[in-house]
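Working notes, structure below.
The values are calculated or read from the model by the stated rules, or taken from the named source; none is laboratory data. Model, not experiment: these values are computed from the prediction. Positions of Cβ are backbone-derived with ideal geometry, glycine not excepted, and every protein chain shown enters the neighbour counts. Side chains included, ligands, DNA and RNA excluded: accessible areas come from the protein's heavy atoms. Shrake-Rupley method; radii C 1.70, N 1.55, O 1.52, S 1.80 Å.
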Amino acid sequence: MPTVSVKRDLLFQALGRSYTDEEFNELCFEFGLELDEVTSEKDIISKEKGEEKAKGASEIVLYKIDVPANRYDLLCLEGLVRGLQVFKGRIDLPRYEKIIPPQGELQRLIITEETGQIRPHAVAAVLRDITFTKERYDSFIDLQEKLHQNICRRRALVAIGTHDLDTISGPFTFTAKAPSEIKFKPLNQSQEYTASQIMDLYRTDSHLRHYLHLIENKPLYPVIYDSNGVVLSMPPIINGDHTKISVNTRNVFIECTGTDLTKAKIVLDIIVTMFSEYCAKPFTVEAAEVVYPNKKTHIYPELAYRKEKVKPELINKRVGISETPSSLAELLTRMCLKSHVVGNTLEIEIPPTRADVIHACDIVEDAAIAYGYNNIQMTVPKTYTIANQLPLNKLTELLRMDLAAAGFTEALTFALCSQEDIADKLGMDLSATKAVRIANPKTAEFQVARTTLLPGLLKTIAANRKMPLPLKLFEISDIVVKDPNTDVGARNYRHLGAVYYNKSPGFEIIHGLLDRVMQLLEVPPSEENGYTIKATEGSAFFPGRCAEIFAKGQSIGKLGVLHPDVITKFELTMPCSALEINIEPFV
C-alpha cells in the first residue's frame, strides 16, 4: 500500500478542525485508511542516519497514512482532504469541468510515427491561472512521484511531464530521434548535454538511474519539442530545465507519455482533478488537442463521468445489512459516488477521480466502508459446515512423516523449471512432456511448470554435493500437465519422488522404499489387487535398470538407476537411483 506523508497542521487546517491522534486514527479507519505512523522529519532522519545527522531537521509533525493501492485520488493532501470532507458531509462532491478554448488558442500536441516503437501514446492538458504556494507546489511534485511509483509502474507504463506554459509556445511535437541528435539542458543542470551524455550523467543518480533501462537500448529516444525547437522533456527520464515550474508558475502544461493509453488517461485525470481547485475558476481544466500520426485528433483530458446501476438488494446481501435504497444512496454519495434511487435500482455516477470502480463489487465495497465494518452485525452462517482436511493432503502429510522416519530428508523445490530440466536433461523431447509453458517467463530458470519431481531433487543434490554421503531425498508435491478436458487446459497430479545418491546406485534402497510406501498404504505385492513392478525402458534410466510400477490396475510411476548422461547433465558425479509415483489412486 502506498504511504502518503502529510503535515498534521496543514491537514487539520484544510479539514477545518483539529483532531487528537486517536480521533484521526479512528476517522481514517472509518474511511478505509490507516494512520501508519505519527512522526517528523527529524525523527525519520534520526532513525535512519543517527541523531547527529538529524540536527537542524524540521520537527513539524507528519502523519504517514496508508492508502489502498487503487485509490489514486487519495495520494495527495488535496485528494485526501476532499475525500474526508465529502465523507463527513461537510462539502458536496465537486463537478469537474473541461473547458475547450476557442480555435487558435487550443494547445496541440502532435505525435509523430517515430514514437510507435518506443512510447506510442501521449495525452495533455493545461491548468490555467493556477496559484501555487510552497506547500501546494510540494504536494504537486509529490503526487507525480507517487503516481510514477504506483499506477505508472516506475514510469514503464506512463511518464508525467509538467511545464511552465509561459516559457514555451505550441504546437508541441512528440517525436523520437537518435540520441546524438537530441541536445538540451536537463532539469537543474547548468549546461547542455546530448541524450547519450544525459544517460551517462544519471547512471549514478540514486533516483533517475532506475529509469534509464526503459529506453537506453533503443535506437531512438522519445523527446518533446515546442514550436521553437525548445525541448520540454525526454520521457521517461528527465524534463528540460527551460520549462521548469516554480511557485510563481501561473499556467502549467501537463503531458503524459506512455505505453498504456488507458493508464495515461487515468494519470492525467487524477493530476488535473486534484489541483484544478487552485485555478482561478476552481475545478476547471483547459483541454488540449492531441494529433495522432494518422491525422486523427482527440481532446484531453476526458474527465469522463459514467453511470452504473446496482440493485439495493445486491448491496444488502453482499454486505450483510438491511438498509433502504435511499440510505444506501446516501452512503455511496459519502464515498464520492453520487447516487440516487431510480425505481427499484440505485443509479451511481462514477467521477473521473474514481478509476478504481470497474465492477459492481467495487460499489458494494464502498457501501460497506461508508456503513462501517464495525457496525455490521455478526451472524451465524445459514449453511452449517464442518471444516475437514482434504483427503489427498491428509495422505500426503502421513506419508511425509513415514518417509522421514525411513531415513529420507524432505526437499521442497520450485514448481517452475526450465524446459531443459524436464526435457533435454532427461533425454526427452519437450513436445512429449505435455508441459504447461509460461507465456512471458522472467528468467530461463522458470519457463514451464514441472511435469516430474526428478529435476528439482537432482538440482537439490547438486547444490549439496559437499554434504556427507549417502544423500537420500524425497518430495511429495504437485506436478502439472496439459489436459484439454479441464476448464483451464491443465491438471495437477500429486507425486511422490525420492532419490538415493551414493558411491553405489543403491537400487535396493529405492526398491525397499517403494515396498515400505505400499506397506503403509496397505497395498499387498500381488498382480490382482496389489502392486507389481515390470521391467521397462525410460530415457532417464540406465538400460536394463528401470521398472514400471503398477497398482490399482494402472501404471503409477517408475523406479530405477539413472542414466549416466542424466547424472552428468545435472552436474553430479556419482550413481543415483530414483523413484517417482502418483499417489492420487490411493486416496
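Normalised by the number of residues in the chain, the average gap of Cα pairs under 8 Å and 6 or more apart makes the relative contact order 11 percent. Each label was represented as a point 7 Å from its Cα along the Cα-to-Cβ direction; for Ser5 and Ala415 these points are 3.9 nm apart.
A straight chain from Lys317 to Thr379 at 0.36 nm per residue would run longer than the Cα-Cα distance by 21.0 nm.
Principal axis extents of the Cα atoms in region 438-563, from largest to smallest and rounded to whole angstrom, are 46, 44, 28. For the pair Arg250 and Lys281, the difference between a 0.36 nm per residue extended length and the Cα-Cα distance amounts to 9.9 nm.
Within a straight-line Cα-Cα reach of under 23 Å, Lys552 can be paired with the following lysines, leaving aside sequence neighbours fewer than 8 residues apart in one chain: Lys394, Lys534. Taking amide H positions as modeled 1.01 Å from N, with prolines and chain starts lacking one, the residues under 5 Å from Lys177 and 5 or more places away or on another chain are Tyr221, Val223. Eigen-decomposition of the gyration tensor built on the alpha-carbon atoms of the chain gives equivalent ellipsoid semi-axes of 58, 34, 24 angstrom, largest listed first. When region 166-267 is described by a simple charge dipole with +1 on each Lys and Arg Cβ and -1 on each Asp and Glu Cβ, the residue from Leu232, Leu187, Ala264 located farthest towards its positive end is Ala264. Shape annotation for region 33-110: C-alpha extents along the principal axes are 59, 37, 22 Å, from largest to smallest.
Ordering Leu520, Ile567, Ile510 by the projection of their Cα atoms onto the charge dipole of region 428-587, which places +1 on the Cβ of Lys and Arg and -1 on the Cβ of Asp and Glu, puts Ile567 at the extreme positive end. Extension gain, Glu59 to Glu527: 0.36 nm times the residue separation minus the Cα-Cα distance gives 160.3 nm.
When +1 charges are put on Lys and Arg Cβ atoms and -1 charges on Asp and Glu Cβ atoms, the dipole computed for the chain relative to its Cα centre reaches about 680 debye. With protein chains left intact and a 1.4 Å probe, residues in the chain average 50 Å² of accessible area per residue. In this simple spin-label model, placing a label point 7 Å from the Cα along the Cα-to-Cβ direction at both Arg95 and Asn344 gives a separation of 3.2 nm. Add +1 for every Lys or Arg and -1 for every Asp or Glu among the other residues with Cβ under 10 Å from the Cβ of Tyr300, and state the total. So the surrounding residues net to -2. Amide H to amide H distances under 5 Å link Lys558 with Ile549, Glu580, where only residues 5 or more positions off or on other chains count and H is placed in the peptide plane. Placing +1 on the Cβ of every Lys and Arg and -1 on the Cβ of every Asp and Glu, with no other charges, gives region 507-587 a dipole of roughly 100 debye about its Cα centre. With point charges of +1 on the Cβ of Lys and Arg and -1 on the Cβ of Asp and Glu, referenced to the Cα centre of the chain, which listed residue (Ala156, Thr173, Leu27) lies farthest in the positive direction of the dipole? Looking along the dipole axis, the top candidate is Thr173.
Summary of packing: across the peptides 202-208, 560-566, the per-residue average of other C-beta atoms within 10 Å ranks them, highest first, as 560-566, 202-208. With a cut-off of 15 Å, note down the residues of region 203-232 whose backbone N falls inside the zone around a label point 7 Å from the Cα of Lys183 toward its beta carbon. Only 229-231 pass the distance filter. Here's how it looks for Ala490: its modeled amide H is under 5 Å from those of Asp483, which are all 5 or more places away or on a different chain.
Shown here is the pair-distance distribution of region 534-577: with all Cα-Cα distances grouped in 5 Å bins from zero up to the longest one, the shares run 5, 25, 27, 18, 13, 7, 3, 1 percent.
The 3J(HN,Hα) values that the Karplus relation (6.51, -1.76, 1.60; θ = phi - 60°) gives for region 385-401 are, in residue order, 10, 10, 5, 8, 6, 4, x, 5, 5, 5, 4, 4, 4, 5, 5, 4, 4 Hz. Gly and Pro appear as x.
Rounded to the nearest whole Hz, the Karplus-based 3J(HN,Hα) values (6.51 cos²θ - 1.76 cosθ + 1.60, θ = phi - 60°) of region 37-43 follow the sequence 7, 10, 8, 8, 4, 5, 5, with x at glycine and proline.
Note on region 231-357: along the principal axes its Cα atoms extend 59, 37, 24 Å, ordered by decreasing extent. Coupling constants for region 242-256 follow from the phi torsions by the Karplus curve (6.51 cos²θ - 1.76 cosθ + 1.60, θ = phi - 60°), and in residue order they are 4, 9, 4, 8, 9, 4, 8, 5, 9, 10, 10, 9, 10, 10, 10 Hz; glycine and proline get x. The charge dipole of region 1-147, taken about the Cα centre with unit charges on the Cβ atoms of Lys, Arg (+1) and Asp, Glu (-1), comes to about 460 debye, rounded to the nearest 20.
Rolling a 1.4 angstrom probe over the chain with all protein chains present gives an accessible area of which 50% lies on carbon and sulfur atoms.
Convex hull volume per residue, computed on the Cα atoms of region 1-41, equals 81 Å³. Computed from label points 7 Å out along Cα-Cβ, the spacing between Asn70 and Leu390 is 2.6 nm. Return the FRET efficiency for the residue pair Ala304, Leu469: r is the Cβ-Cβ distance, R0 is 45 Å, and the value is rounded to the nearest 0.05. So the FRET efficiency works out to roughly 0.05. Per residue of the chain, what 222 nm ellipticity follows from adding -39500 (n - 2.57) for every DSSP H run with n ≥ 4, rounded to the nearest 500? The per-residue figure over the chain is -8000 deg cm²/dmol.
A straight Cα-to-Cα reach below 17 Å connects Lys317 with the lysines Lys309, Lys382, residues fewer than 8 places away in its own chain not being considered. Across region 300-314, the residues whose backbone nitrogen lies under 20 Å from the label position 7 Å along the beta-carbon direction of Ala360 are 306-314.
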